[in-house]
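Heads up: the structure comes next, in structure tokens.
Every number in this text was worked out from the coordinates using simple rules, so none of it is lab data. Keep in mind it's a predicted model, so treat the numbers as computed, not measured. All Cβ positions, glycine included, derive from the backbone under ideal geometry; neighbour counts span all protein chains shown.
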Amino acid sequence: MTEKKTIEKSIAIFGSTGSIGTQSIEVARKHNIKVKALTARGDIEKLEEQIREFNPQYCAVLDEEKAKILKQKVADTSTCVTGGEKAIEELAYNVKCDMLLNSIIGKAGLRPTLAAIESGKNIALANKETLVTAGTIVMNKAREKGVSVLPVDSEHCAIFQCLEGYPKKQVSRLILTASGGPFFGKKREELAGITPEMALAHPTWNMGQKITIDSATLMNKGFEVIEACHLFDIDVEKVDVVVHRESIIHSMVEYIDNAVLAQMGVPDMRTCIQYAITYPDRFDGLQEKLDLAKVGKMTFAEPDKETFVLLDLAYKSMKMGGLIPAVLNGANEEAVYLFLNHKISFTDIMDMVKEVVLGYKNIDTPTIEQIEEADRNARRLVRELACR
Ligand code: MG
């Protein structure tokens with residue numbers, strides 16, 4: 001018999017109406033986890049439902065007009081509603097809870113992460129752009145404040161589990177698995193005519209639009225390589241990627257004796273979300289049990305770095321360091337946005353991002369302000385290329 005336990009932790013969910021956000025809500029519901037604060041860009045209908053279910057102290061909405069409407073709608077509750085970018089950042093600092101789960105999409109997640117670390121809260125990080133753009137600053141700040149940054153990404157959650165209990169100096173390699181995206185096996189000529197609709201049909205994971213396109217270009221895997229370097233303080237040369245279409249092995253760690261540890265499971269983000277919240281404990285999961293006989297076989301292949309150039313570009317960007325990973329992220333975010341709006345082609349995403357990154361003048365140890373400026377520049381440069 002399994003005993004019904006309540007997890008005695010309180011969390012804040014930033015980006016609560018998106019794909020990871022709503023799955024985090026399911027985890028909180030299952031285990032009666034206290035939710036102290038919610039934020040979202042502007043889906044106030046979903047926010048209202050979440051407020052009525054969890055009765056958080058605070059809710060911040062990026063869109064200030066929508067914040068005003070929501071404030072009226074939930075006037076009968078005790079939740080305090082605020083609006084705007086600054087409000088979200090202030091809330092990250094001020095809310096009292098054990099952990100802030102950051103599933104904001106894109107670079108907008110950076111400032112709230114820093115504010116939460118500054119206030120001494122542990123972070124469950126689903127926003128990979130935080131580490132891609134400013135990994136050195138973020139992880140240094142976390143060490144300084146004694147704060148844990150726990151990964152919510154499935155690959156990093158797997159590596160985190162495979163690293164448990166072994167000294168870091170015995171690790172020889174991190175092996176990230178990649179589903180390969182919907183265009184695995186295709187060559188460049190075949191990619192030119194791909195539409196957003198085709199790219200949004202991702203084979204395995206249930207994800208938001210931005211990350212689905214990033215998975216199709218392998219940019220997502222590139223970001224994950226950079227993220228892994230920062231999270232686990234490891235050199236980029238020791239991070240490898242292998243295509244594993246079935247997404248059963250979520251990633252692996254190879255040790256100096258050549259033993260390889262893998263973490264497996266049915267692909268379900270709720271596993272990673274829950275583990276980040278409950279670590280170091282484990283509780284009943286929401287996902288299905290893994291039936292290996294039903295899976296039958298697992299396959300592995302080299303990623304096609306020649307066709308999907310953004311993976312290689314991520315390795316290069318990490319080696320160059322400084323502003324370049326932020327430029328990579330900003331350029332990519334803008335290019336994906338233009339592609340989703342039918343303004344540029346699928347292969348343009350790769351070409352434009354590459355051009356902007358390789359042409360950018362770098363500096364060695366940038367400040368947050370310089371990183372944010374590079375991000376804006378990278379976006380502008382992509383828009384200029386798109387008008388050419
Ligand atoms: Mg992932």
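For the chain, just give the cysteines left without a disulfide-compatible partner, judged by no other Cys Cβ under 4.7 Å.
Lone cysteines by the Cβ rule: Cys59, Cys80, Cys97, Cys162, Cys229, Cys387.
Once each part is reduced to its C-alpha centroid, what is the distance from region 73-119 to region 258-308 in angstrom?
First find each Cα centre; the distance between them is then 30 Å.
Could you give the alpha-carbon Rg of region 10-151 over 2.2 N^0.38 Å, rounded to two decimals? Walk me through the intermediate numbers first.
On the way: Rg = 14.0 Å, N = 142, 2.2 N^0.38 = 14.5 Å.
Against the empirical 2.2 N^0.38 Å value, I get 0.97 for region 10-151.
Amide H of Ile344: which non-local residues (sequence gap of 5 or more, or other chain) have their own amide H closer than 5 Å, using H built in the peptide plane?
Sorted by chain and number, the residues that satisfy this are Phe339.
Over region 87-209, with a single point scatterer placed on each C-alpha, what log10 of the ratio I(q)/I(0) does the Debye formula yield at q = 0.13, 0.14, 0.22 1/Å?
Summing over Cα pairs of region 87-209 leads to -0.69, -0.77, -1.25.
Between Leu47, Ser148, Ile117, whose Cα lies farthest towards the positive end of the dipole of region 10-151 when Lys and Arg beta carbons carry +1 and Asp and Glu beta carbons carry -1, centred on the Cα centre?
Ser148
If you count the DSSP beta bridges with both ends in the chain, what percent of them are antiparallel, to the nearest 5? Don't jump to the answer; show the numbers that get you there.
On the way: 11 of 40 bridges.
Here the antiparallel bridges make up roughly 30 percent for the chain.
For Gln263, what residues show an amide H to amide H distance below 5 Å, using hydrogens built from the backbone and excluding near sequence neighbours?
Long-range HN contacts for Gln263: His250, Ser251.
Can you give the net charge of the other residues whose Cβ lies under 15 Å from the Cβ of Arg270, counting K and R as +1 and D and E as -1? Walk me through the numbers on the way to the answer.
On the way: positive: Arg29, Lys30, Arg282, Lys289; negative: Glu26, Asp153, Asp268, Asp284, Glu288.
Its environment carries a net charge of -1.
Counting helices only, and only those DSSP H runs with n ≥ 4, report the 222 nm mean residue ellipticity of the chain as the sum of -39,500 (n - 2.57) divided by its residues, in deg cm²/dmol to the nearest 500. Present the calculation step by step, with values, prior to reporting the outcome.
Working: 17 runs with 186 residues, N = 388.
Helix contribution divided over all residues of the chain: -14500 deg cm²/dmol.
Starting from the Cα gyration tensor of the chain, multiply each eigenvalue by 5, take the square root, and state the resulting semi-axes largest first in whole Å.
Working: eigenvalues 185, 141, 89 Å².
In descending order, the three semi-axes are 30, 27, 21 Å.
Going down the table (Lys34/Lys210; Lys9/Lys30; Lys238/Lys289; Lys128/Lys361; Lys68/Lys128), which pairs top 21 Å between alpha carbons? Let's see the in-between values first.
Working: Lys34/Lys210 29 Å; Lys9/Lys30 13 Å; Lys238/Lys289 32 Å; Lys128/Lys361 24 Å; Lys68/Lys128 30 Å.
Beyond 21 Å between Cα atoms: Lys34/Lys210; Lys238/Lys289; Lys128/Lys361; Lys68/Lys128.
Working from the pairwise distances between different alpha carbons, so that the mean of 1/r is found and then inverted, what is region 316-388's Kirkwood radius in Å? Intermediate results must be reported in sequence, preceding the final value.
Values: mean 1/r = 0.0832 Å⁻¹.
Radius from the Kirkwood sum: 12.0 Å.
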